[in-house]
1. Give the accessible area for residue 231 in Å² (nearest 10); use a 1.4 Å probe, count only protein heavy atoms, and leave out ligands, DNA and RNA.
2. Assign unit charges at the C-beta atoms only (+1 for Lys and Arg, -1 for Asp and Glu), then state the dipole size of segment 53-207 relative to its Cα centre in Debye, rounded to the nearest 20.
3. Give me the one-decimal nm value for the distance between modelled label points at residue 18 and residue 254, 7 Å along each residue's Cα-to-Cβ direction.
4. Heavy-atom accessible area of residue 170 with all protein chains present, probe 1.4 Å, nearest 10 Å²?
5. Given a 1.4 Å probe and heavy atoms of the protein chains only, how would you sort 87, 132, 238, largest accessible area at the top?
6. List the residues whose amide H sits under 5 Å from the amide H of residue 77, counting only those 5 or more places along or on another chain, with H placed 1.01 Å from N in the peptide plane.
7. Computed over the Cα atoms of segment 1-83, what is the ratio Rg over Rh, Rh following Kirkwood?
8. Starting from the amide H of residue 253, placed 1.01 Å from N in the peptide plane, find each other amide H under 5 Å away whose residue is 5 or more places distant or on another chain.
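The values are calculated or read from the model by the stated rules, or taken from the named source; none is laboratory data. Just so it is clear, the structure is predicted and the values come from calculations on it, not from any experiment. Note: ideal-geometry Cβ built from the backbone for every residue, glycine included; neighbour counts use all protein chains shown. Each accessible area value is taken on the protein alone, full model and side chains, heavy atoms only, with ligands, DNA and RNA left out. Shrake-Rupley method; radii C 1.70, N 1.55, O 1.52, S 1.80 Å.
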Amino acid sequence: MKFELKIRRNNVLEDSYRRVISVKKVESLKARLWIEFEGEKGLDYGGVAREWFFLLSREMFNPYYGLFEYSAVDNYTCQINPESELCNEDHLSYFRFFGRVAGMAVFHGKLLDGFFIRPFYKMMLQKPITLCDMESVDSEYHSSLKWILENDPTELDLRFTVDEERFGQTHQHELKSGGSDLVVTNENKHEYIDLVIQWRFVDRIKKQMAAFKEGFFELISPDLIRIFDEHELELLMCGLGDVDVNDWKQHTKYKNGYSANHVVIQWFWKVPKVFWLFAGGGGVVVSQTEAPGQEESKICRWGHVSRT
């Protein structure tokens, strides 16, 4: 049994959306993936499926579609756009589709080409979001809230409100009923900070997050990911953001005629990130062993994977 998907390279998102979201029996998405790009005949032994996840996730995270946006800190991590409904009236269906794709990636051992903000993974795990989580998303906002936490904010005349910018206009949102008349004091500042975090990461995207989780949990049971923390879940879904090449080299052993000075090995270390994406090509095999307190990789010739 296999799940066949024929798509056009110039329309990866829409073709994939129509095919995946139309599936009624979700178990079929767990079957062997058979991806075919229009006009490109070939056998899919994993490489084409890996490329599909790579191309599709790039489109998924593209802010052009208005479903995700870059975080306030950088252009590296993505978060759900609270205004996604204004960009796409079918946004909840797309978020369910994105959840299915993420679930398929985890089930089939593939990675998404993009990273969510840390609170996103915590919401997947139903873990509380704290002030520390704000730092990696919006360092300035985090510093402001941390100052309030460590000092008496009464003289600032802050209210239980937040300003939200929508299409160039600033709107005031009450964090609780009557919040515009309630001053933040030393006594209630903890409640204020909790409400700000709840609004910033949870309340504004409840529907979108629920749709994403619905799609994801159709393939991956919530019980299966509860064993992970948010860092491990990020690694499972998206892999490593940065590879420490020097550390990798220091913990690598060479087998079957390879050495650190071999010309092939020298080429290998010149393109580590390219190799990371297309591992297994070029007649070189990388294997990894893990033991308590030890992580080690080995490099040997194809067909001579060493057991030791």
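1. Surface open to solvent at residue 231 totals about 100 Å².
2. For this selection, approximately 920 debye.
3. Distance between the two pseudo-spin positions: 5.2 nm.
4. About 100 Å², ignoring ligands and nucleic acids.
5. Sorted by accessible area, descending: 132, 87, 238.
6. 71
7. 1.03
8. Residues meeting the amide H criterion: 297, 298, 299.
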